[in-house]
Structure formats: structure tokens, C-alpha cells
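Trainee: Handing you this structure, nothing more for now.
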Amino acid sequence: MKKSTCLAGALALGLVLPAAGLGASLIAATTANAQQNAGSGQTGGSVAFVRDTGNAGRFEVQSSHLALERSQHVGVRGYAGQTVKDADEMINRVKFINNANVGAAMPEGLNTDQQARLVQLSGLSGPDFDREYMRLQIEIGELLKQTFTDYGANGESPTLRVYAAKAVTGYEGQILQARAIAGSL
């Protein structure tokens, strides 16, 4: 039953991801990973990857929703809107692959540090808000890029490893865009 569930998940993933060029390689990796790890579970690096990307993605979403509410800067607002979309997509992909292959607990909220940063950000307005929001987005983008790079090179789960390695270029572009907007403030 687990094998058929993973295969169905792999097929669904293939239908969701082809536009990003990830579908075929993830289908093969999901199937191989499901067969290799059936019943064994994952530990260490996979659990940390799921936790760290989940927390960082949720911070991106929540801080970007705040930016959409507060910022008047067209560049900041555009970046925030795209970040909500991209971070939600990343969280859903990691969650899907995790549920099919790793089974680690995906965090439902922010860690303590991220909660404090969000509270601090919510106390700002105007240009101060915009500058701090973009600074935090660069910081979290760098963290995610490094997390995805490291897991893509050395991760335990073949499926998560494939996804992580391919996602790095998206974070490189995101960081460049964030730096450009921050430089214009």
C-alpha cells in the first residue's frame, strides 16, 4: 500500500512540477526513494532540512503579508507578492516530498527568533519598514540558499536532494532581486 501511495504521489508531483523542469527527475527519485526508505524513516539531515525550510518559508510568507499591508513602495510590494507565492509553493513541495518519503514533522509556525523578528518588523512603518523588510528577505534568502545547497549536495533523501539542488537557482535570483530593491530604498 505504501508503495502505491508513493507512486501515486510521484505521479501527482510529476503533474504539478513539469513547468519548473523538476517533474521527471522527481518522479524517478520519489519512486526510488520510496522503495529504498520504505519503513526505515529518515533522521538527522532530512528532519533538519524539513524544519528549517518550513520555518524559513513561513517567515517569508508572514513577513511578506505584512509588507503587502504596510508598504507603499511598488518594488517592495511586488517582491512581497511574489515571495508569498514562491514561499507557499516551496513549503507545499517540501511538505509533499516529506510526507511521501521522509515523514518528518513539518513546523506549523515560526521559531522563537523569527517570531521576535516579525514583532520587531510589525513595529516599523514607512521607509524604515521597507528597509528592514528587504534586509530580512535578503537574510532569509541567503539562509535558504545555503540550506538548499547543503542538502542538495549531501541530503539523505534522494527526492528532497534533487528538489533542493534544483531550487538553489531560484534563491540566487530572489536574492539578487531583493538586493536591487534594497539598494533603491
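Since every read-out is calculated from the coordinates, none of them should be taken as a lab result. Keep in mind the model is a prediction, meaning the values are calculated, not measured. Positions of Cβ are generated from backbone atoms using ideal geometry, with glycine treated the same way; all protein chains shown enter the neighbour counts.
Trainee: Can you give the extra length, in nm with one decimal, that the chain gains between D150 and T169 once fully stretched, where that is 0.36 nm per residue apart less the Cα-Cα distance? Numbers along the way, then the final one.
Mentor: On the way: separation 19, 0.36 × 19 = 6.84 nm, distance 1.33 nm.
Using 0.36 nm per residue and subtracting the Cα-Cα distance, I get 5.5 nm.
Trainee: At what distance in angstrom do the alpha carbon centres of the stretch 134-167 and the stretch 89-116 lie from each other?
Mentor: 13
Trainee: Label points 7 Å out from Cα along the Cβ direction at D113 and A180: separation in nm?
Mentor: About 2.9 nm separates the two model spin labels.
Trainee: In sequence order, what are the phi-derived ³J(HN,Hα) couplings for the stretch 135-152 according to the Karplus relation 6.51 cos²θ - 1.76 cosθ + 1.60 with θ = phi - 60°, rounded to whole Hz, with x for glycine and proline?
Mentor: 4, 5, 5, 5, 4, 5, x, 5, 4, 5, 4, 5, 4, 5, 4, 4, 5, x
Trainee: What are the aspartates and glutamates whose alpha-carbon lies under 18 Å from the alpha-carbon of K166, with same-chain residues fewer than 8 places away excluded?
Mentor: Once the sequence-local aspartates and glutamates are set aside, what remains near K166 is D52, D86, D88, E89, E142, D150, E156.
Trainee: Over the stretch 73-164, what relative contact order in percent results from Cα pairs under 8 Å that are six or more residues apart?
Mentor: Result for the stretch 73-164 is 29 percent.
Trainee: Still on this structure, please answer the following. Between R135 and N92, how many nm apart are label points set 7 Å from Cα along the C-beta direction?
Mentor: Reported label-point gap for R135 and N92 is 3.3 nm.
Trainee: Okay, moving on. Would you mind checking the stretch 98-135 for residues with the amide N under 15 Å from a putative spin-label position 7 Å along Cα→C-beta of H65?
Mentor: Output list for this probe position: 108-111, 115, 118-119, 122.
Trainee: Ranked from highest to lowest mean number of other Cβ atoms within 10 Å per residue, what is the order of the peptides 53-66, 115-128, 141-154? Each step should come with its number before you reach the end.
Mentor: Details: 53-66: 22.4, 115-128: 13.3, 141-154: 17.9.
Ranked by mean Cβ neighbours within 10 Å, highest first: 53-66, 141-154, 115-128.
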